[in-house]
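J.: Got a structure for you, questions after.
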Amino acid sequence: MEKLIITAANCGAELSREDNPNLPISAEELAQEALLAEKAGASIIHLHVRDEAGQPTQSIQYFEKAITAMERMGLEAIIQPSTGGAVGMDWQERIQPVSLSPEMATLDCGTSNFGEEIFVNDLPLMRNFLKEMDKYNVMPELECFEAGHIANAVRLKEEGLLTGHLHFDLVLGVPGAMTASLENLFFMVKQLPKEATWTVAGIGRYQLPLAVQGILLGGHIRVGFEDNIYYRKGKLAVSNAQLVSRVVRVAKELDREVASPQEAREILSLK
Ligand code: KMH
Ligand code: ZN
């Protein structure tokens, strides 16, 4: 099996310090948290940013500040800004960080329920995002919350908008979208194009069991507060690095080596 890429999703857009007081918010906190997650074994940092009030924002200035702080601290991991932002943001707002030419950014591959709300990603929006990513030489990570989202990605590849290596993130357990089960993970993985690589992100209490399955199946894994704020039932995680360290220990027990940032770039065929 190839080495394991661990993505740390350290902040997200839906949480506050009331949910977990250890949530990183400022640029300095996000950079410090990213560095600790990298030291623990993460090779991709999935990045959401917040304004001074702690609210989710897609404004370029906040991404710039966080990325600059990360670079200043010597972060080597791949920085992957979100283009999903928070539910309800319009597409012009969401696409902004792509113009900073990060190595990667997310591309949400279809509309889904998202708790009480609807997370809108129609094909015209996806085509727009891919054109922008192509313009700024950004590799998309293909976020799929439903099986039909994989079909959307395949369609965009057939249209010629999605080129190069395909890397999917299978997000299972968002309320109202594909539930987090082993059967659903198998089902989704079976739909993927042959040469694609994939990450699994289990939401809430499914984060750890699905990460273990991802390690065993030869996939890659995502952990972090964005998807889960608990270390175990009733016990909040103290940091994102704590969640990364645990899956690194599991990977080692299962004889799966963990990829460095440079090895992750090679696996993903990043230039
Ligand atoms: N915050 C969610 C609505 C992404 O980063 O691309 C969307 C999200 C996906 O987090
Ligand atoms: Zn996200």
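Just so it is clear, none of the values below were taken in a lab; they were calculated from the coordinates. In this text, all values refer to a predicted model and were calculated from it rather than measured experimentally. So basically every Cβ, Gly included, is an ideal-geometry build from the backbone, and we count neighbours across all protein chains shown.
J.: Compute a Gaussian network model of the chain, connecting alpha carbons closer than 10 Å, and tell me which residue from A69, A211, A77 fluctuates the most.
T.: For the chain, modelled as a Gaussian network with Cα springs under 10 Å, the answer is A69.
J.: Helix-derived [θ] at 222 nm for the chain: sum -39500 (n - 2.57) over DSSP H runs of at least 4, divide by residue count, nearest 500?
T.: Value at 222 nm, helices only, nearest 500: -11000 deg cm²/dmol.
J.: Who wins for biggest fluctuation among I78, I25, I118 in a Gaussian network model of the chain, springs between alpha carbons below 10 Å?
T.: For the chain, modelled as a Gaussian network with Cα springs under 10 Å, the answer is I118.
J.: Modelled label-to-label distance, V120 and L100, 7 Å Cα→beta-carbon offset: nm?
T.: With each label placed 7 Å out from Cα toward Cβ, I get 2.6 nm.
J.: Further question: Explain nothing, just compute: Karplus ³J(HN,Hα) = 6.51 cos²θ - 1.76 cosθ + 1.60, θ = phi - 60°, for every residue of the range 71-77 in order, whole Hz, x for Gly and Pro.
T.: Residue by residue, the range 71-77 yields 5, 4, 7, x, 4, 9, 4 Hz.
J.: Between E18 and K233, take the C-beta separation as r, use R0 = 22 Å, and let me know the FRET efficiency to the nearest 0.05.
T.: Result of the calculation: an efficiency of 0.70.
J.: What is the distance, in nm, between label points placed 7 Å from the Cα along the Cα-to-Cβ direction at M73 and at Q61?
T.: 2.2
J.: In this model, which of K3/K271; K39/K190; K3/K135; K3/K131; K157/K252; K135/K157 are farther than 25 Å apart at the alpha-carbon?
T.: Those over the limit are K39/K190; K3/K135; K3/K131; K157/K252.
J.: Over the range 6-268, calculate the relative contact order: mean separation of alpha carbon pairs under 8 Å at least 6 apart, over the residue count, as a percent.
T.: Contact order relative to length: 21 percent.
J.: Let me ask something else about it. Just to confirm the filter: which GluC sites (Glu not before Pro) across the range 176-271 are DSSP coil and have at most 16 other Cβ within 10 angstrom of their Cβ?
T.: Within the range 176-271, the qualifying GluC sites (Glu not before Pro) (loop, at most 16 other Cβ atoms within 10 Å) are E195, E257.
J.: Using alpha carbons only, how many angstrom separate the centre of the range 51-79 from the centre of the range 167-230?
T.: 26
J.: Between the range 116-138 and the range 234-271, how many Å separate their Cα centres?
T.: Here the two parts' Cα centres lie 28 Å apart.
J.: What's the long-distance tail for the chain, i.e. % of Cα pairs beyond 31 Å?
T.: Summing the P(r) tail past 31 Å for the chain gives 16 percent.
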